[in-house]
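Asks: My questions all concern the structure below.
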Amino acid sequence: MRFAAVALLASLAFAPRIAAAAEVTSFELDNGMQVVVVENRRAPVIVHMVWYKVGAADEPPGKSGIAHFLEHLMFKATDELESGELSDTVNRNGGSDNAFTAQDYTGYFQRIASDRLELVMSMEASRMDGLRLVPEDIGTERDVVIEERNQRVENDPGALFGEQMRAAQYLNHPYSIPVIGWKHEAHSLTLEDALAFYEAHYGPNNAVLVVAGDADPDEVRRLAEKYYGVIPPNPNVVERERVTEPPQLAERRLEYADPRIGNDYVIRSYLAPERDPGAQEEAAALTLLAEVLGGSSTTSVLAQKLQFESQQSIYTAAWYSGQSLDDTTFGIANVPVPGTSLEDAEAALDNAIAEFIEEGVDPEKLERIKTQIRASRIYALDNPRALANRYGSALTSGLTIADVEAWPDVLQAVTEDDIIAAAKKVFDRRKAVTGHIRKSATEEVTQ
């Protein structure tokens, strides 16, 4: 343990030198595509990622899941590539590739030897405006998406309840709709739906290219201009306009029972502010609040109070993810010991939080958490994909490179008083959804 502590302190002592190894260069092509190069020459590997500023929250009504469905279809044929050729070529060259869809963005990436950058860039550019879908693609890939939903959601009672909880959390905003889509709507997605979404949102003027790893900015610029720069901007792309939440004035409560549940538990989410460009202080306080309150299964406030002192719980947690284009959520959960009712578990959770607000933040624990955050950021420099994710997800969620670079210092500047102030503000039951999840329904629920 002593050796580990010394090693951690030693690594942090060299933090400025290590951080300097990841140089960031940014420029914009004439067609509006933003390019970010994150240099890290530790290994001859690059991660090439294209992020589109469109996600599940930008789908037309009644077409939930279309963003994710199109993500799957993007691996079909283009003007220059046969269906599946991109992935096959990457694999033959010793690399890997994949894609992902979130509420605010859709991303495509390849991890490959740095001397293959031109190869993957040429193929990725081919599907930016040259996707060639045929009717035969639709039924097969739609079945794949539905089966993915079956595995990840329908067969997971926690995921099923999570959808219900998110739907209750947002009264008006499309974050209430699952990224993978509602199952009944996924069954009806068509070729025309996919093409319409592609033509409305895909193009260089709605994309961010991030190249991280063993990359030279001048070479990336040359290749980006050669392959992406020749693609004209998509005239259909418009600025995102999201509906906003009305004032939330009443707590929502959900009861859910499923025999597949392993342990009964109580969970609550609160509407919470996201990281805003140039104003990340409140989100930083909430980030540290989540860590102090429930980030550790052994040393966090909830763990200490409920798992070890009163021994009322077998698991507790708190979480917050502020990187979101619009309002996000702050969550807490309590899994009580067998024989404890969820009503008592909820009361114990609320009492523990009230005591924490009254007692304040332990300065030593806060400093330890800040040290761990600094260390994790330094260690992430060894991972080109983590570096690419850091910038790509931020830039497609409304933040800037300056915000990304400032974030570590904003976190370190958070005080104990900032955290308590954030707790008092976010723990507003009028903006909360509380769920009781049970293995079997109670008499009151089934009546």
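Asks: Would you mind stating whether residue 220 is aliphatic (A, V, I, L, M), under 27 Å from the mean Cα position of the chain (by Cα) and open to solvent by 40 Å² or more (accessible area, probe 1.4 Å)? Can you show your working first?
Replies: Details: aliphatic (A, V, I, L, M): yes; under 27 Å from the mean Cα position of the chain (by Cα): yes; open to solvent by 40 Å² or more (accessible area, probe 1.4 Å): no.
No: the conditions fail for residue 220.
Asks: Additional query: Please verify whether residue 236 is within 20 Å of residue 52 (Cβ to Cβ), open to solvent by less than 20 Å² (accessible area, probe 1.4 Å) and either modelled with pLDDT of 95 or more or over 20 Å from the mean Cα position of the chain (by Cα) (or both), treating the condition exactly as stated.
Replies: Details: within 20 Å of residue 52 (Cβ to Cβ): yes; open to solvent by less than 20 Å² (accessible area, probe 1.4 Å): no; either modelled with pLDDT of 95 or more or over 20 Å from the mean Cα position of the chain (by Cα) (or both): yes.
Against the criterion (within 20 Å of residue 52 (Cβ to Cβ), open to solvent by less than 20 Å² (accessible area, probe 1.4 Å) and either modelled with pLDDT of 95 or more or over 20 Å from the mean Cα position of the chain (by Cα) (or both)), residue 236 does not qualify.
Asks: Within the stretch 382-403, work out how many residues are more than 18 Å from residue 109 (Cβ to Cβ), open to solvent by less than 60 Å² (accessible area, probe 1.4 Å) and in a helix (DSSP H, G or I).
Replies: Qualifying residue count for the region: 2.
Asks: State yes or no: is residue 424 closer than 25 Å to residue 173 by Cα and open to solvent by 40 Å² or more (accessible area, probe 1.4 Å)?
Replies: Numbers: closer than 25 Å to residue 173 by Cα: yes; open to solvent by 40 Å² or more (accessible area, probe 1.4 Å): yes.
Considered against the rule, which asks whether it is closer than 25 Å to residue 173 by Cα and open to solvent by 40 Å² or more (accessible area, probe 1.4 Å), residue 424 comes out as yes.
Asks: For the stretch 312-327, indicate whether the set of residues that are surrounded by 20 or more Cβ atoms within 10 Å (Cβ to Cβ), of a type in the set (A, V, I, L, M) and part of a helix (DSSP H, G or I) is non-empty.
Replies: no
Asks: List every residue pair whose Cβ atoms sit under 6 Å apart, with the two residues 6 or more apart in sequence or on different chains, where the first one lies in the stretch 226-239 and is more than 14 Å from residue 202 (Cα to Cα) and the second, anywhere, is open to solvent by less than 30 Å² (accessible area, probe 1.4 Å).
Replies: If the second residue must be open to solvent by less than 30 Å² (accessible area, probe 1.4 Å), the pairs left are 227/121; 227/125; 229/29.
Asks: So, one more: Keeping to the stretch 30-57, report how many residues are under 25 Å from residue 70 (Cα atoms) and of a type outside the set (Phe, Trp, Tyr).
Replies: Within the stretch 30-57, the subset under 25 Å from residue 70 (Cα atoms) is 31-36, 47-57.
Right, trim to of a type outside the set (Phe, Trp, Tyr) and you get 31-36, 47-50, 53-57.
Result for the stretch 30-57: 15.
Asks: Shifting gears a bit: Of (1) free of Cβ contacts under 8 Å to residues at least 60 places away in the same chain; (2) closer than 16 Å to residue 270 by Cα, residue 355 satisfies all except one. Which?
Replies: The number of the failed condition is (2).
Asks: Restricting to the stretch 279-309, and then to whatever is modelled with pLDDT of 95 or more and of a type in the set (Gly, Ala, Ser), can you tell me which residue is most open to solvent (accessible area, probe 1.4 Å)? Before the answer, list the steps.
Replies: Looking only at the stretch 279-309, we keep the residues that are modelled with pLDDT of 95 or more, and these are 279-294, 300-309.
Then drop every residue that is not of a type in the set (Gly, Ala, Ser), which leaves 279, 283-285, 290, 294, 300, 303.
On the way: 279: 51, 283: 2, 284: 0, 285: 5, 290: 5, 294: 8, 300: 2, 303: 0 Å².
Going through the qualifying residues, I end up with 279.
Asks: Name the one entry in 136, 147, 118, 124 that is under 25 Å from residue 207 (Cα atoms), in a helix (DSSP H, G or I) and either among the basic types (Lys, Arg) or open to solvent by 20 Å² or more (accessible area, probe 1.4 Å) (or both).
Replies: Exactly one residue qualifies, and that residue is 118.
Asks: Mind checking which residues of the stretch 351-381 are of a type in the set (Gly, Ala, Ser) and either open to solvent by 20 Å² or more (accessible area, probe 1.4 Å) or farther than 30 Å from residue 440 by Cα (or both)?
Replies: Taking the stretch 351-381 as the starting set, the residues that turn out to be of a type in the set (Gly, Ala, Ser) are 352, 354, 360, 375-376, 380.
Listed by number, the residues that qualify are 354, 360, 375, 376, 380.
Asks: Follow-up. For the stretch 1-110, which helices (runs of 4 or more DSSP H) that fit wholly inside it have 1 or more residues that are more than 21 Å from the chain's Cα centre (by Cα), crowded, with 19+ Cβ neighbours inside 10 Å and modelled with pLDDT of 95 or more?
Replies: Values: elements: 2-13, 15-19, 66-73, 85-92.
Fully inside the stretch 1-110 and qualifying: 66-73, 85-92.
Asks: Then there is this: Could you list, in sequence order, the residues of the stretch 155-194 that are open to solvent by 50 Å² or more (accessible area, probe 1.4 Å) and in a helix (DSSP H, G or I)?
Replies: Taking the stretch 155-194 as the starting set, the residues that turn out to be open to solvent by 50 Å² or more (accessible area, probe 1.4 Å) are 155-156, 164, 166, 171-172, 177, 182-184, 187-188, 192.
Correct list: 164, 166, 183, 184, 192.
Asks: Within the stretch 335-350, take every residue that is assigned to a helix (DSSP H, G or I) and not charged (D, E, K, R) and give me the one that is surrounded by the fewest Cβ atoms within 10 Å (Cβ to Cβ). Even if it seems obvious, please write down each step before you answer.
Replies: Filtering the stretch 335-350 for residues assigned to a helix (DSSP H, G or I) gives 342-350.
From what's left, not charged (D, E, K, R): 342, 345, 347-349.
Values: 342: 20, 345: 23, 347: 14, 348: 21, 349: 26.
This residue is 347.
Asks: Let me ask something else about it. Are there any pairs, at least 6 apart or on different chains, whose C-beta atoms fall under 8 Å, with the first in the stretch 89-116 and without any contact (Cβ under 8 Å) to a residue 24 or more places away in the chain and the second surrounded by 21 or more Cβ atoms within 10 Å (Cβ to Cβ) and of a type in the set (Lys, Arg), and if so, which?
Replies: 96/111; 97/111
The values are calculated or read from the model by the stated rules, or taken from the named source; none is laboratory data. Every value quoted in this text rests on a predicted model; they were computed, and no experiment measured them. In this analysis, Cβ positions are derived from the backbone assuming ideal geometry, glycine residues included, and neighbour counts consider all displayed protein chains. The area values use the complete protein model at the heavy-atom level, side chains included, leaving out ligands, DNA and RNA. Shrake-Rupley method; radii C 1.70, N 1.55, O 1.52, S 1.80 Å.
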